[in-house]
Amino acid sequence: MGETGKIDRRFFEDVIASRLGAAREDVSTGPAHGVDFGVIDLGQGALALATDPISILPELGFERAGEFAIRFVLTDVAVSGLDPSHLAVSFALPPEMTDEEFGAAWTAIDRECRDLGVAVTTGHTARYEGCSFPWVGHGTAMALGDEDDIIYPNGATPGDVVLVTKGPAVEAVGLLTTLFPDQLSVDESTLSTAQSRLDETGAVRDARAVADVEGVTAMHDATEGGLVGAFHEMAGSAGVRFDINTDGIPIRPGIEAATDALGMDPWRATSSGTLVVTVDPDYSEAVRDALAERGTPVGVAGVVEQGEGVVVDGAATDPPTADASWPIYERLLDEHKRR
């Protein structure tokens, strides 16, 4: 049995990379490890697209769960620098999910898509035996635009500045403290602050602000494996080294107290909504100003150098083999079931 979570680079190269169907000239960017999206050349423009699983967590309440779920799907195409424009979505629902519960989740998805100018263009919805929460389907987000405007996650160049928004473990802390509030040894104020991090998991609007600034060479969302994982994916795909100083990275209120209480490494825990951006140093301040106008915290995390790998606070690091939040989730879930 294979390990859970995203496959590693070796599996991708050995099993997938040489089996990608027909070779078509209009595919200008195909599947690549650490690259969030693909690109189709339309002749007069380009279509960026990304596919992600849809996770619905009933414990969040179905409307909030729907909003949380659609952010993941849209962000992976938004980091292309093009605005998400279309959505195809397929649901394989557990039989116990009622029409009212699905309606609440879909209302939130519709609302977010309307606000962002995204049209739902096709899909499939059904209930099937054997399906269960939280993984209830998948979505393909698309973005139309000019190929020259696309920002690739493997575009980091030696000399670039590395910027990080929001910081580590925003998603993991927001989820775990919301799902298991009675199992953390923190005071009520700290718990409430940590739970509010869940509202910061969206990154589409931040990606839009970043894309409007010149000099951005790469952009990536820090999901599985957290910030250390994102650094490795970006550095590895670009063939460069990231030199990172964690003192320059923002840490949101409640994160340190919650991760200490959970016994979780925040730097290797999923943090959807946190963007890693590399930018020409002449434009670094402009990117930070654009994010500050949105109220998004951002810091200078380091620089891109010649070489390979990721150095954090002077020490070489290995890419995460799994997300740091998963064993914590499994432990808390087991404790919850035994109560």
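The values are calculated or read from the model by the stated rules, or taken from the named source; none is laboratory data. These figures come from a predicted structure and were not determined experimentally. All Cβ positions, glycine included, derive from the backbone under ideal geometry; neighbour counts span all protein chains shown.
Is it the case that residue 224 is in a loop (DSSP other than H, G, I, E, B) and surrounded by fewer than 19 Cβ atoms within 10 Å (Cβ to Cβ)? In short, no. In the stretch 136-158, the residues that are within 18 Å of residue 238 (Cα to Cα) form Cβ pairs under 6 Å with partners that are at pLDDT 95 or above and surrounded by fewer than 16 Cβ atoms within 10 Å (Cβ to Cβ), at six or more places apart or across chains, as follows: 158/306.
Out of everything in the stretch 112-161 that is of a type in the set (Phe, Trp, Tyr) and more than 19 Å from the chain's Cα centre (by Cα), what residue ends up being surrounded by the fewest Cβ atoms within 10 Å (Cβ to Cβ)? The extreme case among them is 128.
Of all residues in the stretch 155-167, those that are under 12 Å from residue 241 (Cα atoms) and either acidic (Asp, Glu) or assigned to a loop (DSSP other than H, G, I, E, B) (or both) total 5.
Taking the residues in the stretch 314-330 that are β-branched (Val, Ile, Thr) and not in a loop (DSSP other than H, G, I, E, B) as candidates, determine which candidate is modelled with the highest pLDDT.
Only one residue tops the list, namely 317.
Which residues, counting only those in the stretch 57-90, are assigned to a helix (DSSP H, G or I), buried (at least 16 other Cβ atoms within 10 Å of the Cβ) and of a type in the set (D, E, K, R)? Let's see the steps before the verdict.
At the first step, the residues of the stretch 57-90 found to be assigned to a helix (DSSP H, G or I) are 58-60, 62-78.
Checking which are buried (at least 16 other Cβ atoms within 10 Å of the Cβ) leaves us with 60, 62-78.
If the condition is that a residue be assigned to a helix (DSSP H, G or I), buried (at least 16 other Cβ atoms within 10 Å of the Cβ) and of a type in the set (D, E, K, R), then 63, 64, 67, 71, 76 are the ones that fit.
Screening 9, 19, 24 for residues that are basic (Lys, Arg) and either closer than 30 Å to residue 180 by Cα or touching a His at 6+ places or on another chain (Cβ under 6 Å) (or both) leaves exactly one candidate, 9.
Looking only at residues in the stretch 312-324 that are crowded, with 17+ Cβ neighbours inside 10 Å and in contact with a Gly (Cβ under 8 Å, 6 or more places away or on another chain), which one is nearest to residue 264 (Cα to Cα)? Steps first, answer last, please.
Here is the first cut: in the stretch 312-324, the ones crowded, with 17+ Cβ neighbours inside 10 Å are 312, 317, 319-320, 323-324.
With in contact with a Gly (Cβ under 8 Å, 6 or more places away or on another chain) added as a condition, the list becomes 317, 319-320, 323-324.
Working: 317: 17, 319: 17, 320: 13, 323: 10, 324: 6 Å.
Per the stated criteria, the residue is 324.
Selection within the stretch 162-219: residues that are among the basic types (Lys, Arg) and surrounded by 24 or more Cβ atoms within 10 Å (Cβ to Cβ). The member of this set that is modelled with the lowest pLDDT is 197. Let me spell it out: the conditions are (1) in contact with a Phe, Trp or Tyr (Cβ under 9 Å, 6 or more places away or on another chain); (2) outside any strand (DSSP E or B), and residue 311 meets all of them except one. Which number is the exception? If we test residue 311 against (1) in contact with a Phe, Trp or Tyr (Cβ under 9 Å, 6 or more places away or on another chain); (2) outside any strand (DSSP E or B), just (2) comes out false. In the set (1) more than 30 Å from residue 212 (Cα to Cα); (2) touching a Leu at 6+ places or on another chain (Cβ under 9 Å); (3) surrounded by fewer than 22 Cβ atoms within 10 Å (Cβ to Cβ); (4) in contact (Cβ under 8 Å) with a residue 24 or more places away in the chain, residue 93 fails one condition alone, (2). Name every residue in the stretch 8-30 that is within 22 Å of residue 326 (Cβ to Cβ) and surrounded by 14 or more Cβ atoms within 10 Å (Cβ to Cβ), in order of residue number. Selection gives 8, 9, 11, 12.
Could you check, for the stretch 20-27, whether at least one of its residues is among the acidic types (Asp, Glu), within 29 Å of residue 145 (Cα to Cα) and within 24 Å of the chain's Cα centre (by Cα)? First the steps, then the outcome.
First pass over the stretch 20-27, keeping only residues among the acidic types (Asp, Glu): 25-26.
Subsequent filtering for residues that are within 29 Å of residue 145 (Cα to Cα) retains 25-26.
This time we only want the ones that are within 24 Å of the chain's Cα centre (by Cα), so: none.
The answer is no, given that none of the residues of the stretch 20-27 is among the acidic types (Asp, Glu), within 29 Å of residue 145 (Cα to Cα) and within 24 Å of the chain's Cα centre (by Cα).
Residue 65 satisfies every condition listed in (1) in contact with a strand residue (DSSP E or B) (Cβ under 9 Å, 6 or more places away or on another chain); (2) among the small types (Gly, Ala, Ser); (3) farther than 27 Å from residue 180 by Cα except (3).
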